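Just below is one structure, and these are the notes that go with it.
The values are calculated or read from the model by the stated rules, or taken from the named source; none is laboratory data. No experiment lies behind these values; they were computed from the predicted model shown. A quick note on method: Cβ atoms are made from the backbone with ideal geometry, for glycine too, and the neighbour counts reach across all protein chains shown.
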Amino acid sequence: MTKSVVIVGGGLIGLSTALLLSERGAEVTVIDHGQLGGGAARGNAGFMCTTLLEPLAAPGAVKSAITSLRDPTRALRVHTRALPGMIGWGLHFARSATQKRYVAGRIALAKLNQRHGEAMSLLGSLGVDVRLGPELVVPFHDPALAEHYLRALAPMADYGVVVPTELIGGDELRRIVPALSDHITAGYVVTGDHSIDPRVFVDSMIAALRSRNVTIVENAPITAVGRAERRINSITTPKGTLTFDDVLLSAGAGSRRLGRLFGLRVPVIPGQGYNVGLPVSEALSHPVIFEEAHAVATPFTDRIRLGGTMEFDGDTPRFDQRRVDAILVSMRKFVNLDFDAHFGTWSGSRPMSPDGLPLMGRPHQYDNLILAAGHGMFGLSLTPTSALALCELIIDGTSSIDLGDFSPDRFTLAKLLRAS
């Protein structure tokens, strides 16, 4: 029998899962409160990573967040007005920001992404533009810090991750990326991580969906959710009421708010990010991550996109030009580009879970609801394998990708008490 599936949310996870479900023969409807591919789907840094995946909840993150209450220029910023809505989330975050849990989180993300290449090839065969750009360069001013970051990557090799084995000097890095300033003394190249234009990736995915028998309902905020016993049996929008066999809730940064309509507690909050464009330059043709500046530079055909920052400002984050200015200022000593000609400022929210890992699977309350939320800063990188796992879970009832570390129920009181 053909399975009918409604996907709530037209972002990266929802769109890619819809495409794989359609290929498996499901009758798919995608609904979104706005246009498909909104939110951070097109506005991210364009990093397609298998190596540099790590939870935001890391040692030192809590101290940095507290310091940021008085410093609007810090890469990680928490606004005082956001604090009341972050109490529970923040307690989970603090509990997760230990060295042991941070390392466990990195391993979980690496294991989740082990079939990345296979999943990318599958999306490509279905019409998605999966062409990758050059490999990622990670330069540093401080060689000791470069060595520290390199050592932290080494254990990931046990999980199929391509890990750099040695540092290279500043002159060699400038041969690869001539725009790097003399301030750079050491760094490494991550051959397993590349750039991709998220706008092209998303638009090609939408085009592939429209060419199939997939129903797309845009500008349709959910007004009511029908529930009976252990099932979600209907979803109502101003454009009508839908019934289905299964529903995938993948609403990005809005997952907590929308989850309430489904009777779910989804511990995901918006984490605002910013980017700004610079003119293209032949001197920067590789994506670059500047760990010391907490910022990135990604070359596309029409711009170099500078991005960075993580800002918590409640459910409706405000735009703050100081955040953009801080990115521009922090980058000037690391790279020589035409900063005065910046344009195309953008801000948008990433869906942040307390421990930095996605929530994927069936919440215990329901038999026909699957949650996919909290992919954070790595939504683009985790999209292919997440979609593969979710598609298998919906069609086959189980996934060949182990989702145990990503249970939607892991933040319930009973789970937390057992883990303490």
Is it the case, given these coordinates, that residue 22 is touching a strand residue (DSSP E or B) at 6+ places or on another chain (Cβ under 8 Å), polar (S, T, N, Q) and over 27 Å from residue 235 (Cβ atoms)?
no
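Return the only residue of 112, 122, 132 being at pLDDT 95 or above, closer than 17 Å to residue 47 by Cβ and buried (at least 19 other Cβ atoms within 10 Å of the Cβ). Give the steps one after another, and end with the answer.
Numbers: 122 fails: closer than 17 Å to residue 47 by Cβ; 132 fails: buried (at least 19 other Cβ atoms within 10 Å of the Cβ).
Within the list 112, 122, 132, the selection yields 112.
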Can you find, within the range 298-357, the residue that is farthest from the chain's Cα centre (by Cα) among those that are among the small types (Gly, Ala, Ser) and assigned to a helix (DSSP H, G or I)?
341
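Can you find, within the range 161-185, the residue that is nearest to residue 110 (Cα to Cα) among those that are among the hydroxyl-bearing types (Ser, Thr, Tyr) and surrounded by 15 or more Cβ atoms within 10 Å (Cβ to Cβ)?
Our first condition is that a residue be among the hydroxyl-bearing types (Ser, Thr, Tyr); within the range 161-185, this holds for 165, 181, 185.
Next cut, surrounded by 15 or more Cβ atoms within 10 Å (Cβ to Cβ) only: 181, 185.
On the way: 181: 32, 185: 29 Å.
Across the range 161-185, the extreme among qualifying residues is 185.
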Give the residues of the range 41-74 that are within 16 Å of residue 323 (Cβ to Cβ), surrounded by fewer than 21 Cβ atoms within 10 Å (Cβ to Cβ), in contact with a helix residue (DSSP H, G or I) (Cβ under 8 Å, 6 or more places away or on another chain) and not polar (S, T, N, Q), sorted by residue number.
69, 72, 74
Residue list for the range 12-35, filter: under 19 Å from the mean Cα position of the chain (by Cα) and within 16 Å of residue 255 (Cα to Cα):
12, 13, 14, 15, 32
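For the range 236-256, which residues satisfy the criterion of being in a strand (DSSP E or B) and hydroxyl-bearing (Ser, Thr, Tyr)? Let's see the steps before the verdict.
First, the residues of the range 236-256 that are in a strand (DSSP E or B): 236-237, 240-242, 246-249.
Scanning the range 236-256 gives 236, 237, 241.
Considering 386, 400, which residue is in a helix (DSSP H, G or I), at pLDDT 95 or above and among the small types (Gly, Ala, Ser)? So that I can check it myself, show each step before the final result.
Details: 400 fails: in a helix (DSSP H, G or I).
Just a single option satisfies the conditions, and that option is 386.
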Pairs where the first residue, in the range 362-382, is under 15 Å from residue 196 (Cβ atoms) and the second is aliphatic (A, V, I, L, M) and outside any helix (DSSP H, G or I), C-beta under 6 Å, 6+ apart:
378/53; 381/48
Condition met for residue 401 (among the hydrophobic types (A, V, I, L, M, F, W, C), over 22 Å from the mean Cα position of the chain (by Cα) and more than 25 Å from residue 138 (Cα to Cα))
no
Condition set assigned to a loop (DSSP other than H, G, I, E, B) and free of Cβ contacts under 8 Å to residues at least 24 places away in the same chain, scope the range 158-177, selection nearest to the chain's Cα centre (by Cα): answer is 165
Residue identified as among the hydrophobic types (A, V, I, L, M, F, W, C), assigned to a loop (DSSP other than H, G, I, E, B) and either crowded, with 24+ Cβ neighbours inside 10 Å or modelled with pLDDT of 95 or more (or both) among 36, 15
36
